[in-house]
Amino acid sequence: MAKRLRHLWNRHRIILPMFAVALALTAFFAVRMVFFAVHWSDPGNRDLTIEGWMPVRYVARSWHVPPEVLGDALSLSPGDRVTVSDIADARNSDVARIRSELMVAIAVWRAEHADD
Amino acid sequence: MTDLIFGLVASHGIAIILGITFLSCLAVPVPSSFVMLAGGAFVSSGDLTGWQVVVAAFGGAVLGDQLGYEFGRFGGAPLMARLRRSKRRAQVLNRSRGLIDRWGGRAVFLTRWAISPLGPYVNPLAGALGMGRLRFAAFGWAGEAVWVTIYVGLGYLFASNIVWLAELAGNLMGLVTAGSITVLLGLFLWRRRA
């Protein structure tokens, strides 16, 4: 084994290190895969925090509420693709405040539809 | 980073999807997979239109591929002519020509989606080594169709958590690419172990 390795090293000074790096990278991604699987198998880690980049309808999709619920909560006209930051900017507000308004609307809707 | 990309898709829609997939096929390091995931997710939420997202992603990708191919074909011609002057190099070129004839289609197809990080480098190589334009396009289009379908489809199906999906997909792509390179280099070394 050691002899073979030395032989390979003597003849393939470039390919052998490349192989070692590729192997290490493969191991790295494999370990990371396991880490992801463990992390995301916890349902608490799965909810998406409402962020500025999210279109309001996407928030509705992500939190499993009808889009009108959130549109009404922020009195938006239907059909527009507006993000949470767009709304915050337009109202001289900030993302945190819009987020909490949306969270309230989501909580209310979920409470009303708890039986479904 | 993912937030920024998702935000760009949210505010600019399909123009960003077309631009990013185009650039990614020219080896510009832009996260085309994130863009397509976001596109699929925003179709699901009703913010974008499905066929437009698919056409933009596919169109950007095949345009980028073809440009890379033409670049290799025309830019590579003088280089190839010079290499051919040496007999030994000409032999190597002829052998790689044989490899292209035998494996080129499969390589182009697979480097569109399964090992997509290698795609941008295969394009000019295919052009320079004289792979037929029609053959390149046929396998390329087929591969890009798979690529777009997978990413836009996953974004659509798992729309409620594309952040998670983007991390997972990025890692999986890294795993498959590093794994394929490991296997190829390993086979090469194994055959020369004696």
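For a quick check: sort A:Val59, B:Val53, B:Val176 by the number of other beta carbons within 10 angstrom, fewest at the front.
Details: A:Val59 24, B:Val53 27, B:Val176 17.
Neighbour counts put them in this order, fewest first: B:Val176, A:Val59, B:Val53.
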For this session: Identify, among A:Leu48, A:Asn92, A:Val69, the residue whose Cα sits farthest towards the positive end of the charge dipole of the stretch A:27-116, taking +1 on the Cβ of Lys and Arg and -1 on the Cβ of Asp and Glu, with the dipole about the Cα centre.
Result: A:Leu48
Exercise. When the helices in chain B are scored as -39500 (n - 2.57) per DSSP H run of 4 or longer and the sum is shared across all residues, what 222 nm value do you end up with, to the nearest 500 deg cm²/dmol?
Worked result: -27500 deg cm²/dmol
Seminar exercise, completed: Neighbour-count ranking for B:Thr21, B:Thr111, B:Thr2 (other C-beta within 10 angstrom, fewest to most) reads B:Thr2, B:Thr111, B:Thr21
Exercise. Relative to the longest principal axis of chain B, what angle (0 to 90°, nearest 10) does the C-alpha long axis of helix B:50-70 take?
Worked result: 20 degrees
Seminar exercise, completed: Note, the stretch A:69-81: 3J(HN,Hα) by Karplus (6.51, -1.76, 1.60, θ = phi - 60°), whole Hz, Gly/Pro = x, goes 4, 6, x, 5, 4, 9, 6, 9, 7, x, x, 7, 9
For this session: Round to the nearest 10 and give me the degree value, 0 to 90, for the angle of helix B:119-128's Cα axis relative to the longest principal axis of chain B.
Result: 40 degrees
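Divide the volume of the convex hull of the Cα atoms of the protein assembly as shown by its number of residues and quote the answer in cubic angstrom per residue.
Working: hull volume 51.1 nm³, N = 310.
Output value, Cα hull per residue: 165 Å³.
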For this session: Taking chain B as the reference, fit the longest principal axis to its C-alpha atoms, fit the long axis of helix B:32-45 to the helix C-alpha atoms, and give the angle between the two in degrees, 0 to 90, nearest 10.
Result: 30 degrees
Problem set entry | Debye, to nearest 20: dipole size of chain A, +1 on Lys, Arg Cβ, -1 on Asp, Glu Cβ | 1660 debye
Exercise. How large is the charge dipole for the protein assembly as shown, taken about the Cα centre, if only the Cβ atoms of Lys, Arg (+1) and Asp, Glu (-1) carry charge, to the nearest 20 debye?
Worked result: 3740 debye
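Readers should treat all values here as calculations from the given coordinates under stated rules, not as data from a laboratory. Since the model is a prediction, treat every value here as computed from it, not as a measurement. Glycine gets a Cβ as well: all are built from the backbone with ideal geometry, and neighbour counts include every protein chain shown.
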